[in-house]
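In what follows, a single structure is set out as structure tokens and then discussed.
The values are calculated or read from the model by the stated rules, or taken from the named source; none is laboratory data. As the structure is a computational prediction, the values presented were derived from the model and not from experiment. Neighbour counts are summed over all protein chains in view; Cβ atoms, including those assigned to glycine, are modelled from backbone coordinates with ideal geometry. Keep in mind that these areas ignore ligands, DNA and RNA; they rest on the heavy atoms of the full protein, side chains included. Shrake-Rupley method; radii C 1.70, N 1.55, O 1.52, S 1.80 Å.
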Amino acid sequence: MVRGEKEKLNSTELYQINKCWDCHNALVDMDEAEKRLHEIFQEIDFSRRQLARLGGVKPKSHNIFQVAIAGCPNSCCQPQIKDFALQGQAVPEIGAGCTMCGLCVAACPDDCIVLGEAGPIIDRQVCLNCGKCAAKCPTGAIKINKRGYRVIRGGKLGRRPQLAQEVCSLTNVRGAAALLRETLDLLLQQGKPGERLGSLLQRLQKVENCEENLAGAKPLGVPTRGTSRRQP
């Protein structure tokens, strides 16, 4: 049993919210997010319903629903291995006033900015919305107009580890809380006793893929074009 498991199992709540320490890189108010997510767990009486879903079996560490709140995209590895996680986002927007100094290019940890003829160009497919380019821009040509959270879910370690997958690229606290409620309802209503969220999502995806394959399959006994149907 890893350090901290005993403390978690002695808790009356079957969920845990972990957030980053106070950090100068934080892009959002993590305390506000933590409070609202905690309210969702309480509003739906998650711990009691989760215990009932286990069928009276004593909860184990992996039966505790794990949530991570990270203040920025750096976020170490915790959000990627939790059942549900938020990552702070600061979306850079390009305006006028660029002097072609190149400080934004040098500041970007992911090399997703180049200087074009009219100023900086951001590769949105690579940008993680950390806001470092805007912080370094001396003229305000790059500004942060949108802040919020990226929402991911379904991460887990153990026998069959998997990384959490994105369900929303940018939302506010209210939207993140709504997604948590939706996720918990899915787990409580369709999850098997003791099944982790990540395993449930995988199972539902397999069913969906199977149904799509069946929907696209040709009916049995219907010949393909250019062939004759053999008479019995």
Could you give the accessible area per residue of the chain, probe 1.4 Å, as a whole number in Å²?
-> 62 Å²
Starting from the Cα of Ala118, move 7 Å in the Cα-to-Cβ direction to define the label point; list residues of region 62-101 whose amide nitrogen is under 20 Å from there.
-> 92-101
Helix-only mean residue ellipticity at 222 nm for the chain, each DSSP H run of n ≥ 4 adding -39500 (n - 2.57), per residue, nearest 500 | -10000 deg cm²/dmol
Counting other Cβ atoms within 10 Å, keep those with at most 12, restrict to DSSP loop, and tell me which trypsin sites (Lys or Arg not before Pro) in region 139-200 are left.
-> Arg159
Non-local residues with an amide H under 5 Å from the amide H of Ala141, with H modelled 1.01 Å from N and Pro and chain starts lacking one, are none
Taking every pair of alpha-carbon atoms in the chain, what share in percent sits in each 10 Å bin, from 0 to the bin with the longest distance?
-> 7, 26, 26, 17, 13, 8, 3, 1, 0
Classify region 57-117 as rounded, prolate or oblate from the Cα gyration tensor: take a ≥ b ≥ c as the square roots of its eigenvalues, call it rounded if a/c is under 1.5, otherwise prolate when a/b beats b/c and oblate if not.
-> prolate
Loop sites in region 100-137: trypsin sites (Lys or Arg not before Pro), DSSP, at most 10 other Cβ within 10 Å = Arg124
Considering amide H positions built from the backbone, and no H for Pro or chain starts, which residues 5 or more places from Tyr15, or on another chain, come under 5 Å of its amide H?
-> Phe65
Measure up Lys132/Lys206; Lys35/Lys206; Lys19/Lys143; Lys35/Lys136; Lys156/Lys206 against 29 Å on the Cα-Cα distance and list the ones that go over.
-> Lys132/Lys206; Lys35/Lys206; Lys35/Lys136
Using a basic spin-label model with each label point 7 Å from the Cα along Cα→Cβ, how many nm lie between Asn145 and Met100?
-> 2.5 nm
For Glu166, what charge total do you get from the other residues with a beta carbon under 9 Å from its beta carbon, if Lys and Arg give +1 and Asp and Glu give -1?
-> +2
Residue-ordered couplings for region 62-68, obtained by feeding phi - 60° into the Karplus form 6.51 cos²θ - 1.76 cosθ + 1.60 and rounding to whole Hz (Gly and Pro as x), are 6, 8, 8, 5, 9, 10, 10
Rounded to the nearest 5, what is the percent of antiparallel bridges among the DSSP beta bridges in the chain?
-> 70 percent
Considering only protein heavy atoms and a 1.4 Å probe, what is the carbon-and-sulfur percentage of the accessible area of the chain?
-> 51 percent
Relative to a virtual label point 7 Å from the Cα of Ser169 in the Cα→beta-carbon direction, which members of region 67-90 show backbone nitrogen distances below 15 Å?
-> 89-90
